[in-house]
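**Q** Pasting in a structure now, in structure tokens, and then I'll have a few things to ask.
The values are calculated or read from the model by the stated rules, or taken from the named source; none is laboratory data. Predicted model, so just to flag it, every value in this text is computed and none were measured. Cβ sites come from the backbone with ideal geometry, for glycine too, and all protein chains shown count toward neighbours.
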Amino acid sequence: CSQGSYNLCESFTAGNLAAGPVIGYNRSLGGGMAEFMLASPGRLIRIPDSLTDEKAVLADSLASALQPILDHFPRDDQTVVVLGAGILGQHAIRILRALGSRARLAAVARYPFQQELARNGGADLVLKSPDRGELGKAVGAKFIPTTLGGGNLEGGADLVFDFVASRRSLQEALLALRARGKYIMVGTAGSIGHVDFSSLWFRELRITGSSSYAFGNYEGQRVRTYQMAVDLLAKGYPTEGLLTHTYSLSAFARAFKTAFNKSGFKSVKVAIDLRKIAKNNSASMAASQSDEGAS
């Protein structure tokens, strides 16, 4: 915490409140789908009046994708792979281009509508799956057949941002990285089964993860990641096609169904619209304060 890495706090179980690593992951304070929530003023960021709610609601997911990119920004002569084309993967593609990266960028997107969004966002190549041969070709690796089947790759990508974090995505990423390449797990994974890690030691790969957001470095300056995400949105960061569905709080079950069924609903970002509730709550609070003043 003293270094600004609040997302990695080692004391989030301490204190009088229920344990929770970040705001919204605590049963005592409310969260993103609650009518009310509590937060320290120092943790709040003002949204510019010029920024619409439809764009501002993307700030949280944008910050989550921005953090690993600030921590592992590629050189222009490098090759980058983005695995997964949900909201975080789509953000990653757009962030790289918005921050001026000219790195060769290959994206893996499962569904046609995701593939189109990835191309529009700035991906140089878009693949349907992390097939070893196709992914290897996309990153300039040489495919070598092996005696036991499956094949291997020589050469490859410099960086892989994995927003899927499945057994297959991890396995194919390790094989698609060149010597001393870097794998960054952003997707939330638990147990993912058997993975062949021979590439890890044979090519001296580096594996790390990314959790939430805090502070990062950009152009030699220390920046608050969430503030930078809001600033990007205010300055015209491309959001077309990202917010696909909004639902009222009472329709939360339908919202989750839509979010989980990406192929059926062509969903990317699904949001709960709390504006009417917030307006009513503000009016009620104002009336209550007025009554207290009168008494």
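**Q** Looking at region 132-143, which of the residues that are surrounded by fewer than 22 Cβ atoms within 10 Å (Cβ to Cβ) and either in contact (Cβ under 8 Å) with a residue 40 or more places away in the chain or not assigned by TED's automatic domain parsing to the domain that holds Phe113 (or both) is farthest from Leu159 (Cα to Cα)?
**A** It comes out as Arg132.
**Q** Within region 2-31, track down each residue that is surrounded by 15 or more Cβ atoms within 10 Å (Cβ to Cβ), within 20 Å of Gly209 (Cα to Cα) and free of Cβ contacts under 8 Å to residues at least 12 places away in the same chain.
**A** Taking region 2-31 first, the residues surrounded by 15 or more Cβ atoms within 10 Å (Cβ to Cβ) are 6-7, 12, 20-24, 26, 29-30.
Next, from what is left, pick out any that are within 20 Å of Gly209 (Cα to Cα): 6-7, 12, 20-22.
Answer for region 2-31, where residues must be surrounded by 15 or more Cβ atoms within 10 Å (Cβ to Cβ), within 20 Å of Gly209 (Cα to Cα) and free of Cβ contacts under 8 Å to residues at least 12 places away in the same chain: Phe12, Gly20.
**Q** Can you pull out every residue in region 50-76 that is basic (Lys, Arg) and either in a helix (DSSP H, G or I) or crowded, with 23+ Cβ neighbours inside 10 Å (or both)?
**A** Lys55
**Q** Another question, if that's okay. What strands (runs of 3 or more DSSP E), lying completely within region 123-178, carry at least 3 residues that are touching a Phe, Trp or Tyr at 6+ places or on another chain (Cβ under 9 Å)?
**A** Those strands (runs of 3 or more DSSP E) span 152-154, 157-162.
**Q** Collect the residues in region 179-203 that are on the phi > 0 side of the Ramachandran plot and part of a loop (DSSP other than H, G, I, E, B), keeping them in residue-number order.
**A** Gly193
**Q** Here's something else I'd like to know. Which condition number in (1) farther than 23 Å from Arg206 by Cβ; (2) in contact (Cβ under 8 Å) with a residue 40 or more places away in the chain is the one that Gln78 fails?
**A** Just one mismatch for Gln78, condition (1).
**Q** Please verify whether Tyr218 is touching a residue at least 12 places away in the same chain (Cβ under 8 Å), over 16 Å from Ser61 (Cα atoms) and aromatic (Phe, Trp, Tyr), treating the condition exactly as stated. Working first, answer last.
**A** Numbers: touching a residue at least 12 places away in the same chain (Cβ under 8 Å): yes; over 16 Å from Ser61 (Cα atoms): yes; aromatic (Phe, Trp, Tyr): yes.
So Tyr218 fits the description; yes.
**Q** State yes or no: is Tyr237 part of a loop (DSSP other than H, G, I, E, B) and either closer than 24 Å to Arg46 by Cα or at pLDDT 95 or above (or both)?
**A** yes
**Q** May I ask you to verify whether Thr258 is among the β-branched types (Val, Ile, Thr), more than 18 Å from the chain's Cα centre (by Cα) and modelled with pLDDT of 95 or more?
**A** Judged against the criteria, Thr258 is a match.
**Q** Moving on. From (1) at pLDDT below 95; (2) buried (at least 16 other Cβ atoms within 10 Å of the Cβ), pick out the condition that doesn't hold for Ala189.
**A** (2)
**Q** Looking for whichever is in contact with a helix residue (DSSP H, G or I) (Cβ under 6 Å, 6 or more places away or on another chain), among the aliphatic types (A, V, I, L, M) and not assigned by TED's automatic domain parsing to the domain that holds Gly136 here; the options are Leu17, Leu51, Leu38. Which one fits?
**A** Going through Leu17, Leu51, Leu38 in turn, the sole match is Leu51.
**Q** Give Leu153, Leu117 a once-over and let me know the one that is free of Cβ contacts under 8 Å to residues at least 40 places away in the same chain and crowded, with 18+ Cβ neighbours inside 10 Å.
**A** Leu153
**Q** May I pose another question? Those residues that are small (Gly, Ala, Ser) and in a helix (DSSP H, G or I), I need them from region 77-118; list them, please.
**A** Passing the criteria: Gly89, Ala92, Ala98, Ala118.
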